[in-house]
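For reference, the structure is listed below as structure tokens.
The values are calculated or read from the model by the stated rules, or taken from the named source; none is laboratory data. A quick note: this is a predicted structure, and the numbers were derived from the prediction, not measured. Here the Cβ is made from the backbone with ideal geometry for all residues, glycine too, and neighbour counts use every protein chain on show. Side chains are part of the model used for accessible areas, which takes the heavy atoms of the whole protein and leaves out ligands, DNA and RNA. Shrake-Rupley method; radii C 1.70, N 1.55, O 1.52, S 1.80 Å.
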Amino acid sequence: MDWTALSVSLKLAVATCLLLVPFGLWLGRLLARGGFRGKPFCEALVALPLVMPPTVLGFYLMLSFGADAPVGAVWQRLTGGGLTFTFSGILLASLVANLPFAVQPIQRAFETIPANLREAAWCSGLSPWQTFRRIELPLVWPGVVSALALTFAHTLGEFGVILMVGGAIDGETRTLAIAIYDRVQAFDEQGAAIMSAMLLLVSFLTIGVVYGLAGHRRWRHV
């Protein structure tokens, strides 16, 4: 069992969730409520990682993260280091690859809230922030939980994008999915099977715990 690769995978999944799900909450609400021009193109951009092959997405991100590219150059000026073949690089790549998993469940949840419910809250004297915190957020909680679970599980299993951007540096960018691939390439089927089972177990337990917490919260509000 490659515990170092597992720790990198878990670290990447947790960091992706912490950064992306709050952003997905904001963007999902904006897309659900907004009728602005260009909304279909914005939604298409969010959904694009779902239909792009991971290696293609990883290739374009690798080019964008290079020292001569705008994103890579800005990062290097700010931090003094590069993005490719670093944990920061695979984290940024993970944020892009998981964008639809964080945004779409939350957007669908916000779309189920009737507009007159917000208007009633405003007429009752609640501010927009109070309406969001006390009315909207409890109603969209199942969507937030779904976004959290999907983002975490997808990050654990991500392979192509991470490999293209970060390679397989032990302790830095070599995730468990990449370690499984390496074991298969080395004809170590037993090692690959053990790590695959571990990845399956962690993903299953994570989703089960998150959905269990969501169900407990719904029960408390009945």
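Worth a mention:
- Principal axis dimensions, the chain - Cα atoms, whole angstrom, descending: 65, 42, 30
- Both radii come from the Cα set of segment 109-211: Rg as radius of gyration, Rh as Kirkwood radius; their ratio Rg/Rh reads 1.25.
- Computed over protein heavy atoms with a 1.4 Å probe, the accessible surface of segment 1-115 works out to 52 Å² per residue.
- Between L45, L20, L126, the Gaussian network model of the chain with springs among Cα atoms under 10 angstrom shows the greatest mean-square fluctuation at L126.
- When the Cα positions of W26, I135, G208 are compared along the charge dipole of the chain, I135 comes out farthest toward the positive end, with charges on each C-beta of Lys, Arg, Asp and Glu.
- Heavy atoms of S127 accessible to a 1.4 Å probe, total area in Å² rounded to 10: 40
- Ranked order, R29, R118, R134 - accessible area, probe 1.4 Å, largest first: R134, R29, R118
- For L30, solvent-accessible area (1.4 Å; no DNA, RNA or ligand), Å²: 70
- In summary, the convex hull built on the alpha carbon positions of segment 78-139 has an orientation-averaged projected area of 6.4 nm².
- Computed over the Cα atoms of segment 130-189, pair by distinct pair, the Kirkwood hydrodynamic radius stands at 14.0 angstrom.
- DSSP H segments from the chain that extend 24 Å or more along their own axis, Cα-based, with Kyte-Doolittle mean of 0.5 or above: 3-33, 137-157, 189-220
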